[in-house]
1. Specify the residue with the greatest mean-square fluctuation among Ala102, Ala69, Ala277, computed from a Gaussian network of the chain linking alpha-carbon atoms under 10 Å apart.
2. Report, largest value first, the span of the C-alpha coordinates of the stretch 80-153 along each principal axis, in whole Å.
3. Pick from Gln127, Gln313, Gln322: which is most flexible by mean-square fluctuation in a GNM of the chain where alpha carbon atoms under 10 Å apart are linked?
4. Assuming 0.36 nm per residue, please report the length gained on full extension of the stretch Val66 to Val128 beyond their Cα-Cα distance.
5. With a ≥ b ≥ c the root eigenvalues of the C-alpha gyration tensor of the chain, is it rounded (a/c under 1.5), prolate (a/b larger than b/c) or oblate?
6. For the stretch 181-255, what is the convex hull volume of the alpha-carbon atoms per residue, in Å³?
7. Relative contact order, percent, of the stretch 156-307 when contacts are C-alpha pairs under 8 Å separated by at least 6 residues?
8. Rounded, prolate or oblate: pick one for the stretch 148-274, where a ≥ b ≥ c are the square roots of the eigenvalues of its C-alpha gyration tensor, a/c under 1.5 means rounded, and failing that, prolate if a/b is larger than b/c, else oblate.
Amino acid sequence: MLRRGLAVRLTQNYSSVVQSSHNTPSLPFKDGQRPDGWCQYHDRPSQEPIESTSVLLFPGQGSQFVGMAKNLIGVKGVKEMFETASSILRTNLLKTCLEGPAEKLKQNIHCQPAMYVTSLAAAKKLQVDSPELVEKCVAAAGYSVGEIAALVYAGAYTFEEGLHLIRVRAEAMQRACDLIPGGMLTVYLSHDSQLRTALSAAINYCKEELKLSVPIICQIACFLGPDCKVIAGNNEALDYIMEHAQQFRLGPLRRLDVAGAFHTPLMLPAVEPLKHALQRVGSARTPCIPVVSNVDAEPYGKGSTVSLRLIKQITRPLCWEQTLHALFSRPEGAPFPRAVEVGPGRQIGASLRMVNSKAFVRYESVLV
C-alpha cells in the first residue's frame, strides 16, 4: 500500500512537470544511425581504426562536489540546459552545483539531477573542445544514474524526457531512504578476505543483538573491480562491518557520500514510481550507439528493453566491472579506444584502472 501511494503521488508530480515543459527546447546529443555491429573488438564496425574511436563513460552519485559545472557554464547551450532543468525541477540547480552546500548536494533529489545535467553539459563541452571524440564515439555506459545520461546521449530519450525520469527516480529513492536509512561502503579485498561471512555476521548482529524491526539488508551493491566491491545496507550493518573489518580480513574501507543503500531491496519502494514514469514517457528509441547496461553488461537493443533494465537497476547490484570488460576486453596487442569520463570526478577512471590498466592508458576526463 505504501509503494502504491508513493507511485500515485510521484506520478502526479511528474504529470505537472510534463505540462510545464512542453515549450522547452529539445537538446539532442548524439545523432545518426546505430552501427549494425556491437563494439567488442572482433565484431565492431570497421569504418574507423579502433585507436581513433572513443567510449564515453558517465559517472554516478558519489562523484559530485560543490563547484562542479563552473568550467561548463561558458559553453554554448549549457546555460539553457540548466535553465530547462531548473524550470522542470522548480529549483536553481546551477546554484546548487556551484554553491552547495555539500549536504544539500548529497541528497538524492538534488544530486541525481545535478549529476545528470552536469554530465550532459560536459558532453557539450567535449563536443566543442574535441569534436572528433564525439563524432567517433562507438559506445557509452553510465554508472548507476549515469546510465540515463548515457541513454540520452545516445538518443534513446530527449534531454527533457531523461530529466523527468531522473526527477521521479530521485524523489522515489529519497522516500525509500527516509523510510529505512542506509548507506554504501567501498571495500578492498585480499586473497583471504571473508566478505560473505562479514555480510552474514552484520545481518545477524542487526537481527539478534539490535533486534531491528525494519527489513535488514547488507549485501554487495556493485562489482567495482576484481578486488573491490561496494556493499550497501542498513547503517547499523555497515557500522558493524567497519568496526570488525580486521576480524574478517577486509582491506581499506570508505563510506560513500550517498544518501541510501542503493541497488539493494531497500530501494523497492522506488520501483513503482519509476515504472509509472517510464510508462508516461513512452518507449525509448533504439540508441544510435551501443549503451552497455549495468544490469547484465549487455548493450541495450530495441527501445522496448530499456524500461525493464532501468527498473531492475534500482534494486539489483551493478555489474560495473563486467560492463568495463564488455567495453574494453580485446586480444593481446590490440589497440584500445580513448576512454573519456564525461562528468564530475574521476572515479570512473579509478575503476577502469583496476579492471583494465591497458585501457586506462588512453583514459581522460572532461574538466567540469
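Read-outs throughout are calculated quantities, based only on the coordinates presented, and are distinct from any laboratory measurement. Since the structure is predicted, the reported quantities are computational estimates derived from the model, not experimental observations. Here Cβ is always computed from backbone atoms with ideal geometry, including for glycine, and neighbour counts include all displayed protein chains.
1. Highest fluctuation of the listed residues: Ala102.
2. For the stretch 80-153, the Cα spread along each principal axis is 37, 24, 21 Å.
3. Gln127
4. This chain segment gains 19.9 nm when fully extended.
5. Details: a/c = 1.68, a/b = 1.17, b/c = 1.44.
It comes out oblate by the Cα gyration axes.
6. Values: hull volume 5.5 nm³, N = 75.
So the per-residue hull volume is 73 Å³.
7. Working: 237 pairs, mean separation 49.6, N = 152.
Computed value for the stretch 156-307: 33 percent relative contact order.
8. Oblate, since a/c reaches 1.5 and b/c is not below a/b.
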